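Here is the structure we will look at.
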Amino acid sequence: MDTNPQELLRTIRSIAIVGISNKPERASYRVAAYLKEAGYKVFPVNPQYQEVLGMTCYANLTELPESVDLVDVFRKAEDCLPVAEEAVRVGAKALWLQLGISNPACRALAEKHGLAYVEDKCTKIEHAQLNQS
């Protein structure tokens with residue numbers, strides 16, 4: 001069953017951005033900056049960096065200092081399943097694969113474990129539409 005992305009964004013408070021870049025021209029960086037500005041508690045996740053957007057960057061979801069509501073994934077479709085499995089292990093409430101990313105195995109895993117699931121949509125675009133509806 002598909003999750004309404006805008007309803008999900010109304011109910012969550014914390015977001016892990018998996019695959020974040022430290023380059024301002026990259027979508028993951030811009031989306032994280034936008035979501036932080038919108039008031040969400042954002043946790044950058046990428047083993048390549050110590051810090052992104054002035055925030056501590058974590059190597060993986062298990063290193064996060066607290067549980068998160070949403071895991072927002074900026075990875076190739078074929079690299080998403082291990083992230084989805086980790087999201088289940090850390091008790092995330094939702095899994096979101098960014099615009100252009102779909103993975104049937106991730107969907108099945110999320111459904112099996114009761115996580116809200118969104119794929120092939122952008123959190124920034126969906127959030128911006130919240131104020132228009």
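Quick one: dipole size for the chain, taken about the Cα centre, charges +1 on Lys/Arg Cβ and -1 on Asp/Glu Cβ, in debye to the nearest 20.
200 debye
Run lengths n ≥ 4 of DSSP H only: what is the helix-derived mean residue ellipticity at 222 nm for the chain, with -39500 (n - 2.57) per run over all residues, to the nearest 500?
-9500 deg cm²/dmol
How many percent of DSSP beta bridges within the chain run antiparallel, rounded to 5? Numbers along the way, then the final one.
Working: 2 of 19 bridges.
Around 10 percent of the beta bridges assigned by DSSP in the chain are antiparallel ones.
Report, as a whole number in µm² per second, the diffusion coefficient that Stokes-Einstein gives for region 23-86 at 25 °C and 0.890 mPa s using the Kirkwood radius over alpha carbon pairs.
Result for D is 197 µm²/s.
Past 20 Å, Cα to Cα, is the threshold; run Lys36/Lys121; Lys76/Lys112; Lys36/Lys124 against it and keep the listed order.
Lys76/Lys112
For region 79-130, take N as its residue count and report Rg(C-alpha) divided by 2.2 N^0.38 Å.
Relative to the rule-of-thumb radius for its length, region 79-130 sits at 1.11.
Send over the per residue convex hull volume for region 1-112, Cα only, as a whole number of Å³. Show your work: numbers first, answer last.
On the way: hull volume 11.2 nm³, N = 112.
Cα-based convex hull of region 1-112, divided per residue, equals 100 Å³.
For region 49-54, in order, what is each residue's ³J(HN,Hα) by Karplus, 6.51 cos²θ - 1.76 cosθ + 1.60 with θ = phi - 60°, in whole Hz (x at glycine and Pro)?
My calculation for region 49-54 gives 10, 8, 8, 9, 6, x Hz in order.
Each value in this text was obtained by applying a stated rule to the coordinates, not by laboratory testing. Please read these numbers as outputs of a predicted model, since none were measured by experiment. Methodologically, a virtual Cβ is constructed for each residue, glycine included, from the backbone with ideal geometry; neighbour enumeration extends over all protein chains shown.
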